[in-house]
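S.K.: To start, I am sharing the structure in question, which I have written as structure tokens.
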Amino acid sequence: MTTLVMALSALLAFSVALALWPARANPLVATISFYAGVATSELPLQVLALTVFLLASTVTLGEISVVAVILLGCSLLGGVALLGRALAARNVLESAVRAVGGTPARRPRPWASLAFRPWPRLPRGVERHGAISYGPYGKANRLDLYRRRRRPPGPAPVLVHVHGGSFRRGRRSQDARMLLYRLARRGWVTVSPDYRLLPAGEFPANADDIVEVVTWLRMHAEELDIDPERIVLVGSSAGAHLAVLSTLRGAQVRALVGLYGYYGAQRTRSDVPSDPTRYPADQAPLTLLVHGDADSFVDISGARRYAGHRRMLSGDTVALAELPGAQHGFDRFASLRFSAVCDAIEDFAHAAFSR
């Protein structure tokens, strides 16, 4: 038992260290750093609880290991630092919302839910309509739609979320579950589509699938009881890239959100530009970019570059929220940080709707 506590203490300390100081030396090291540290980075409450449990176990066993105590002490201090970074996200996000004319509605943090249910689950009051076809490319052109069982009166606003996966993997049930479920529970219709992946989905095919999703929603607005003038498009990682490009290629949406997005060029044989900065952005929708400054997969410099491009052309229609200590993939969890991101997206959407 002492050996087990020692092993868990070492593993926890290693994970906390990579959450605090992610490694980016090369793609392999960055991948190891991400998978070893992302859950720890997003779940500091659970890290602190596990550290206290292991400390108590060490004392209870009566064979106190100096090395284990040192490791757990470092994990405890690291967990406090991670909690501080997670709590700091709300102020950063509220400043970004104000930068585009929004008024943050500071909501109470759901401490109990975040502590005991860190994995998003479909609420009882929300129904899922799965595998709806929106285009001609079979399984690659299907979407899931979520809405409240007791529908509020009037056409609902819509949030479309585009998953990530480096353009070659991923699925519609993968990212941002907390966001999709929360807004559906509050009366929105939320949509999560698949799209063509590489090699069949070589640009511009992948971005055009997202245009097709938005077009399909607008065409079926009456039967879906949605408001086609209140569509918010959100993308994670590669999905953020596709969300941006789809708005530049004809997707008519009111607002755009990029989560830990890639904003460079895709590898493609097409002559169509795949770098968002190659397009005039003065007609792009109101945009919120959210990126972690500890992202070991997609460096925050790309988000800063795209935000700077937009500011030069369209002034105050873009805001960048740089989240302290956030890794890639922070929307996989029902965490303190992502709860604040969900709040900010809702406030940002209302700012866009009021313009």
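S.K.: Consider Pro273 against the criteria (1) assigned to a loop (DSSP other than H, G, I, E, B); (2) in contact with a strand residue (DSSP E or B) (Cβ under 6 Å, 6 or more places away or on another chain): it satisfies all of them except one. Which criterion is unmet?
M.R.: Here Pro273 meets the rest and fails (2).
S.K.: Only one of (1) touching a strand residue (DSSP E or B) at 6+ places or on another chain (Cβ under 8 Å); (2) buried (at least 23 other Cβ atoms within 10 Å of the Cβ); (3) over 22 Å from Arg337 (Cα atoms) is not met by Ala176, so which one is it?
M.R.: Single failed check for Ala176: (3).
S.K.: Among the listed residues Arg107, Arg85, which satisfies the condition of being under 20 Å from the mean Cα position of the chain (by Cα), modelled with pLDDT under 90 and under 30 Å from Ala352 (Cβ atoms)? Steps first, answer last, please.
M.R.: On the way: Arg85 fails: modelled with pLDDT under 90.
The match here is Arg107.
S.K.: May I ask you to say which residue of Ala49, Ala13, Ala19, Ala30 is under 20 Å from Arg117 (Cα atoms) and assigned to a helix (DSSP H, G or I)?
M.R.: Numbers: Ala13 fails: under 20 Å from Arg117 (Cα atoms); Ala19 fails: under 20 Å from Arg117 (Cα atoms); Ala30 fails: under 20 Å from Arg117 (Cα atoms).
After ruling out the rest, the residue left standing is Ala49.
S.K.: Working only within the stretch 117-151, note down all residues that are of a type in the set (Gly, Ala, Ser) and either farther than 18 Å from Val189 by Cβ or surrounded by 17 or more Cβ atoms within 10 Å (Cβ to Cβ) (or both).
M.R.: Taking the stretch 117-151 as the starting set, the residues that turn out to be of a type in the set (Gly, Ala, Ser) are 125, 130-131, 133, 135, 138, 140.
Listed by number, the residues that qualify are Gly135, Gly138, Ala140.
S.K.: Please indicate, with yes or no, whether at least one residue in the stretch 90-100 is under 30 Å from Arg311 (Cα atoms), of a type in the set (A, V, I, L, M) and out of contact with any helix residue (DSSP H, G or I) (no Cβ under 8 Å at 6 or more places or on another chain).
M.R.: Going residue by residue through the stretch 90-100, those that are under 30 Å from Arg311 (Cα atoms) are 90-100.
Adding the requirement that they be of a type in the set (A, V, I, L, M) leaves 92-93, 96-97, 99-100.
Cutting the leftovers down to out of contact with any helix residue (DSSP H, G or I) (no Cβ under 8 Å at 6 or more places or on another chain) gives us 92.
Yes; the residues of the stretch 90-100 include at least one that is under 30 Å from Arg311 (Cα atoms), of a type in the set (A, V, I, L, M) and out of contact with any helix residue (DSSP H, G or I) (no Cβ under 8 Å at 6 or more places or on another chain).
S.K.: Residues that are touching a residue at least 60 places away in the same chain (Cβ under 8 Å), in contact with a Phe, Trp or Tyr (Cβ under 6 Å, 6 or more places away or on another chain) and closer than 24 Å to Ala303 by Cβ: does the stretch 217-230 have at least one?
M.R.: no
S.K.: OK, next. I'm told Val253 meets every condition in (1) assigned to a helix (DSSP H, G or I); (2) farther than 15 Å from Asp331 by Cβ; (3) at pLDDT 95 or above except one. Can you identify the failing condition by its number?
M.R.: Looking at each condition in turn, Val253 falls short on (1).
S.K.: Checking the structure you have, find out if any residue of the stretch 50-72 is surrounded by fewer than 18 Cβ atoms within 10 Å (Cβ to Cβ), within 23 Å of Gly292 (Cβ to Cβ) and modelled with pLDDT under 95.
M.R.: First pass over the stretch 50-72, keeping only residues surrounded by fewer than 18 Cβ atoms within 10 Å (Cβ to Cβ): 52-53, 56-57, 59-67, 69-70.
So of that shortlist, the ones also within 23 Å of Gly292 (Cβ to Cβ) come out as none.
Looking for residues that are surrounded by fewer than 18 Cβ atoms within 10 Å (Cβ to Cβ), within 23 Å of Gly292 (Cβ to Cβ) and modelled with pLDDT under 95, one finds none in the stretch 50-72, hence no.
S.K.: Considering only residues that are surrounded by fewer than 21 Cβ atoms within 10 Å (Cβ to Cβ) and farther than 13 Å from Ala207 by Cα, look in the stretch 242-266 and name the one that is farthest from the chain's Cα centre (by Cα).
M.R.: Gln252
The values are calculated or read from the model by the stated rules, or taken from the named source; none is laboratory data. Not measured: the values here are computed from a predicted model. Note that we place each Cβ from the backbone using ideal geometry, even for glycine, and neighbour counts take in every protein chain shown.
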